[in-house]
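The values are calculated or read from the model by the stated rules, or taken from the named source; none is laboratory data. Owing to the predicted nature of the structure, the values given are computational and were not obtained by experimental measurement. Positions of Cβ are generated from backbone atoms using ideal geometry, with glycine treated the same way; all protein chains shown enter the neighbour counts. Heavy atoms of the whole protein, side chains included, go into the accessibility calculation; ligands, DNA and RNA do not. Shrake-Rupley method; radii C 1.70, N 1.55, O 1.52, S 1.80 Å.
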Amino acid sequence: MRRAIVTAVAVAVTAVLAGCAPEAQLSPLERAKSVNQSKHVAQLFADRPEVVDDVLGIKTTRLFFPASETLVLSDATVEAQLRAASIAVATNAPMMVYDPGRHAEYARMIADMHTVTVLTVGDVSIAPSSGAVRVRRDPGGCVRSRK
């Protein structure tokens, strides 16, 4: 009889303690989801996944990178975009596709984000420089033969 009471008390205490620590029962994925849903990371992110219709990366850069020391600019070719995206992911930098008709907008964004290094990939019409903002051309990647 006494053994049954001790066992019942032990089970009750275990249940109470387990109820106090629900995170201990959650998988790492579930804990990450709950932290993200509680807006612990940032208030600006939506409660649900959001698709940003942005082929040039301008809206996406404004959303995720209010400031960035580095910016990767690509031309419109798939090859240059793939290389630029790989570089941007590896360096945690924003990547945009360059449209010559929006040159002033890119210059304004570079100033607004306090960017100091711009890496161009492919045929981007921004001259290399080494002033307040350094513009560097990607030395590798896409080499197109001109016929």
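Here are the numbers for the structure shown:
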quantity: Per-pair calculated FRET efficiency, R0 = 30 Å: SER129 and ARG102 via Cβ, rounded to 0.05; calculated: 0.95
quantity: Cα gyration tensor, the stretch 63-127 - rounded (a/c under 1.5), prolate or oblate; calculated: oblate
quantity: Estimated vicinal HN-Hα couplings, Hz - the stretch 64-73 in sequence order (Karplus 6.51, -1.76, 1.60; Gly, Pro = x); calculated: 9, 10, x, 9, 7, 5, 10, 9, 10, 10
quantity: Theoretical gain in end-to-end length, ALA90 to VAL116 [0.36 nm per residue, Cα-Cα removed]; calculated: 7.6 nm
quantity: Relative packing of peptides 88-95, 133-140 - highest average C-beta neighbours within 10 Å first; calculated: 88-95, 133-140
quantity: Other-chain or far-sequence residues with amide H under 5 Å of PHE65's (modelled H); calculated: none
quantity: Amide H partners (placed H, <5 Å) of THR115, local residues excluded; calculated: SER68
quantity: Solvent accessible area, Å² - LEU73, 1.4 Å probe, full protein context; calculated: 0
quantity: Listed peptides 100-109, 116-125 by packing density, highest first (mean Cβ within 10 Å); calculated: 116-125, 100-109
quantity: Phi to ³J(HN,Hα) by Karplus 6.51 cos²θ - 1.76 cosθ + 1.60 over the stretch 124-138, Hz, x for Gly, Pro; calculated: 10, 7, 10, 6, x, 8, 9, x, 4, 10, 8, 10, 10, 8, 5
